[in-house]
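Derivation of every value follows stated rules applied to the coordinates shown; laboratory data play no part. Model, not experiment: these values are computed from the prediction. Counting neighbours? That spans all protein chains shown, and the Cβs are built from the backbone with ideal geometry, glycine included.
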Amino acid sequence: MINIDRVSTRVRRSGVAAAMMACVCGGVVGLASTAQAQVADPLQQYDVPSFIDSGPLGLPGPAGGAEEVIFSATVSAPGAGWSRVRFDAEATSLPNSMRIRVTSLHDNHDQNLNSMTLEQWKHSSAYFNGNELLVEVLARPGDAVGRVVIDRVTAGSGFSEGGGFDSICGPTDDRQLSSDPRNARLLPVGCTAWIIDDCAKCFITAGHCTFAADVVEFNVPLSTGSGSIVFAAPEDQYPVDDTSMQSNGGQGVGNDWAYFGTFPNSDTGLTAGQAQGEFYVLADSAPSSTGDIRITGYGSTGSGVPPQWNQVQKTHLGPFVAKSGFGISYQTDTTGGNSGSPVLDETTGLAIGVHTHAGCGATSGNNGTAIDRPEFQDALANPRGVCCPPIQGIEISAPDLDLVAPGVPFSFPVTITELDGTLDPGSAELFYAVDGGAFISAALTPLGGDQYEATLPALDCGQIAEYYVRATTDGDEVIEPSSAPGLAYDALSATDVITVAQEDFQAAPDWQTDATGVDEGGWQIGVPNGRRGAPAADFDGSGRAFLTGTTDGIDLDGGPAVLTSPVLDLSSAPANAVLSYARYFFNDDQAGGIADPDRLIVEISDDSGASWTQLESVSHDADGGQWVRANWTVADFVDLTSQVQVRFTAGDTPNDSILEIAIDAFEILGLECGGCRADFDGDGELNIFDFLAFQNAFNTGDLSADFDGDGDLTLFDFLEFQNEFDAGC
């Protein structure tokens with residue numbers, strides 16, 4: 001199957017626009033006399049001795065061979081619901097190319113740690129579900145000798161349901177499940193933290209939540225049927241940078257704040273801000289009066305709320321009460337674990353403070369610290385640690401390519417500028433990986449001054465090369481793009497991408513919906529709102545998607561609900577045509593481990609719906625309540641006819657769960673692999689008329705003359721055209 005998804009992965013993270021805070025390195029209010037800090041009960045944890053010493057580790061043989069597992073051990077904490085490995089900081093030593101892989105034998109989630117990320121994680125692993133972990137050491141031939149010493153296993157059973165101080169502003173807990181990508185659960189203390197719009201996309205939480213702040217996690221699954229929490233996958237966990245922490249420790253209502261950052265994820269290489277793609281914009285000051293306030297956080301649960309909702313993300317909207325000094329209050333439901341949540345002014349969409357204390361009553365509200373508290377503002381203006389990125393000694397500029405010609409090596413320019421350091425000789429390298437394989441390094445070719453040339457190998461049509469450039473100055477490494485290797489640039493080998501069909505669902509009048517047997521929540525085009533498990537936003541950034549119910553609080557009940565595409569003519573589409581769409585599936589019963597038959601069934605037909613072939617059957621276990629891009633080579637399932645249709649079918653039968661489904665970014669694309677780009681006029685011959693046709697396209701701004709694929713028309717396009725012309729067809 002041709003996978004062209006990587007060509008468009010950056011699209012869904014674009015379109016985030018907000019004012020950016022400048023990055024410059026360098027008393028008690030009586031709103032509620034009974035206010036109590038709303039930290040939840042911290043994780044119930046204990047240490048299990050588990051001393052294991054690998055001894056000296058190395059893999060003999062010539063350098064450059066395949067990576068191998070050279071040591072493995074299993075550690076366990078019998079009876080525990082979760083566990084993490086602790087390594088001896090003094091005895092453990094990893095050469096730069098050696099890594100540790102920790103895998104949960106409960107759900108097979110794993111984490112990779114090298115010498116740098118192991119230190120960032122304070123010589124510990126991520127939090128894993130289950131009580132048995134496999135620890136492996138991987139190395140390549142010729143690596144230096146290392147050693148791994150396991151000190152102990154830290155384990156526990158999660159937060160206790162109902163911990164901390166509850167403060168429900170009325171007779172019932174009216175919070176609803178949400179999935180705002182900006183909010184994280186703070187471990188092991190049991191609070192909420194949130195990404196803000198500073199230059200490094202760092203976090204705010206309550207000051208009283210920072211006594212044990214160690215890890216933040218996103219995309220948190222529902223808790224178990226007994227209320228025990230379930231941890232996010234390791235790729236959604238980020239270790240706190242202690243040097244970045246600025247906190248007053250919590251000094252009461254109106255004076256309780258903290259500002260800190262986290263290191264990039266050890267597997268993806270992305271910062272939390274890069275991975276989540278969204279952040280809160282801070283108000284200059286909290287207003288003295290406004291409309292409704294939204295509190296979104298990881299509060300515990302009490303009576304009348306499903307135990308699966310314990311310490312998972314929930315949201316509620318309620319009226320603003322007052323501002324007194326730097327204390328703010330609002331009648332919005334909160335419980336233990338909501339401490340640190342953003343206080344969001346629903347009218348403006350700006351964060352006006354941080355939630356810290358309970359205290360809701362008939363005339364009072366829950367409480368927080370206003371964003372304009374002077375000490376708070378001073379901390380935000382003077383970031384530390386990872387929140388204040390250092391000036392790099394060098395700067396690397398490399399193009400993010402789109403298409404590269406099949407069958408021939410492809411070269412592109414790289415600029416390395418010395419800022420406050422000197423480029424280490426011979427350190428400038430291109431790293432590339434083809435179709436998800438291991439990264440291979442190749443030295444850049446110096447062209448003089450700050451100019452270099454990088455060359456990708458010849459690729460077959462349809463292959464994708466991920467790549468990045470690395471260089472060092474005074475031993476400090478600089479990578480372009482900075483998110484690599486987790487999210488590197490990519491280039492698709494093809495002469496053209498042909499769009500056969502495309503729909504962003506802003507308006508799709510030709511798509512048919514069938515709500516036979518649906519009680520409520522059938523397919524509709526709308527704006528996702530993040531309530532009760534629904535997505536917080538659409539996938540492609542256009543704003544709208546097809547949803548099972550667009551009204552707040554309404555999910556799919558009954559069914560089946562059927563969404564069917566118009567008839568599509570694929571009779572002249574390339575044989576490699578790929579159907580691609582983004583899907584979102586959330587089912588609270590399935591997430592809670594309860595047997596549930598509800599599925600999203602995706603099918604394709606080549607005879608206008610007379611017969612159907614199944615592409616996939618999706619459950620919550622497959623998607624985990626998040627957007628997923630699916631790709632299918634059409635010819636693997638049906639013939640490429642003029643009568644192709646696609647349909648999406650789902651139902652909550654029996655009606656016993658919260659079921660939220662969405663579809664977005666539907667497209668069918670094909671790759672053009674043949675032809676000769678140098679034959680620019682298409683007459684089958686290479687001659688002066690091809691030069692004239694190319695020059696005319698270049699002068700008129702026609703991007704068909706963008707031969708180096710960087711999106712701009714420059715001298716390098718002329719050089720690349722001439723190279724291909726000289727090579728012949």
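Helix content alone sets the calculated 222 nm mean residue ellipticity of the chain: runs of n ≥ 4 DSSP H residues at -39500 (n - 2.57) each, divided across all residues, give -2000 deg cm²/dmol.
Full extension of the segment from Leu134 to Gln44, taken as 0.36 nm per residue of separation minus the current Cα-Cα distance, would add 30.1 nm. Taking a cut-off of 25 Å between Cα atoms, list the lysines near Lys323, but don't count ones fewer than 8 places away on the same chain. Answer for Lys323, where 25 Å is the Cα cut-off: Lys314, listed by chain and number. Going from the residue with the fewest nearby Cβ atoms within 10 Å to the one with the most, Met245, Met116, Met98 rank Met116, Met245, Met98. Computed from the C-beta positions of Asp420 and Asp607 and an R0 of 56 Å, the FRET efficiency is 0.25 to the nearest 0.05.
Taking the charge dipole of the chain about its Cα centre, with +1 at Lys and Arg Cβ atoms and -1 at Asp and Glu Cβ atoms, the residue from Val148, Thr332, Leu686 reaching farthest to the positive side is Thr332. Derived scalar couplings between HN and Hα for the stretch 494-508 equal 5, 8, 6, 10, 9, 8, 8, 8, 7, 8, 9, 6, 6, 7, 9 Hz in order, rounded to whole Hz, by the Karplus curve 6.51 cos²θ - 1.76 cosθ + 1.60 (θ = phi - 60°), x for Gly and Pro. When peptides 434-442, 559-567, 198-206 are ranked by their average number of other Cβ atoms within 10 Å per residue, the highest-first order is 198-206, 559-567, 434-442. Counting only Cβ charges, +1 for Lys and Arg and -1 for Asp and Glu, the dipole size of the stretch 394-492 around its Cα centre is about 320 debye. In a simple Cβ point-charge model (Lys, Arg +1; Asp, Glu -1; nothing else charged), the chain has a dipole of about 2780 debye relative to its Cα centre. Between Glu67 and Ala630, the distance separating the two model label sites (each 7 Å from Cα on the Cα→Cβ line) works out to 3.1 nm.
The label-point distance for Glu90 and Thr347, in a model that sets each label 7 Å from Cα toward Cβ, rounds to 6.0 nm. Charge tally around Gly385: other residues with Cβ under 11 Å, Lys/Arg +1 each, Asp/Glu -1 each, net -1. Listed by chain and number, the lysines whose alpha-carbon sits under 29 Å from that of Lys122, ignoring those within fewer than 8 places in the same chain, are Lys201. Report the residues of the stretch 690-712 in range of a label on Asp400: point 7 Å along Cα→C-beta, backbone N strictly under 19 Å from it. Output list for this probe position: 706-712.
A P(r) calculated from all alpha carbon pairs of the chain, with 20 Å bins opening at zero, reads 16, 44, 35, 5, 0 percent. When each of the peptides 603-613, 187-197, 662-672 is scored by how many other beta carbons lie within 10 Å of its residues on average, the order from highest to lowest is 187-197, 662-672, 603-613. Rounded to the nearest 20 debye, the dipole size of the stretch 44-158 about its Cα centre is 120 debye, using +1 on the Cβ of Lys and Arg and -1 on the Cβ of Asp and Glu. Spatially, the stretch 198-242 and the stretch 248-288 are offset by 11 Å when compared through their Cα centroids. Once the C-beta distance of Asp514 and Asn108 is scaled by a Förster radius of 30 Å, the resulting FRET efficiency is 0.20 to the nearest 0.05.
Roughly how large, in nm² to one decimal, is the mean projection of the convex hull of the alpha-carbon atoms in the stretch 500-672? Answer in nm², one decimal: 9.4.
Of Leu492, Ala258, Phe725, which is farthest along the charge dipole of the chain in the positive direction, counting Lys and Arg as +1 and Asp and Glu as -1 at C-beta? After comparing all options, I get Ala258.
Size of the stretch 196-314: Rg and Dmax of its alpha carbons, in Å, are 15.9, 45. Close amide-amide hydrogen proximity is noted between Gln463 and Ser493, each under 5 Å apart and 5 or more residues distant or on a separate chain (H modeled in the peptide plane; Pro and chain starts excluded). Listed peptides 481-488, 215-222, 253-260 appear in the order 253-260, 215-222, 481-488 once ranked by packing, highest mean of other Cβ atoms within 10 Å at the front.
Binning the C-alpha pair distances of the stretch 77-203 at 5 Å intervals from 0 yields a P(r) profile of 2, 9, 14, 16, 16, 14, 12, 8, 5, 2, 1, 1, 0, 0 %, listed from the shortest bin outward. Residue separation of Phe439 and Gln251 scaled by 0.36 nm, minus their Cα-Cα distance, works out to 62.7 nm of gained length.
For Ala458 and Ala144, what does the FRET efficiency come to when R0 = 41 Å and r is the distance between their Cβ atoms, rounded to the nearest 0.05? Rounded to the nearest 0.05, the efficiency is 0.75. The Rg/Rh ratio of the stretch 688-727, with Rg taken over Cα atoms and Rh as the Kirkwood radius over Cα pairs, comes to 0.93.
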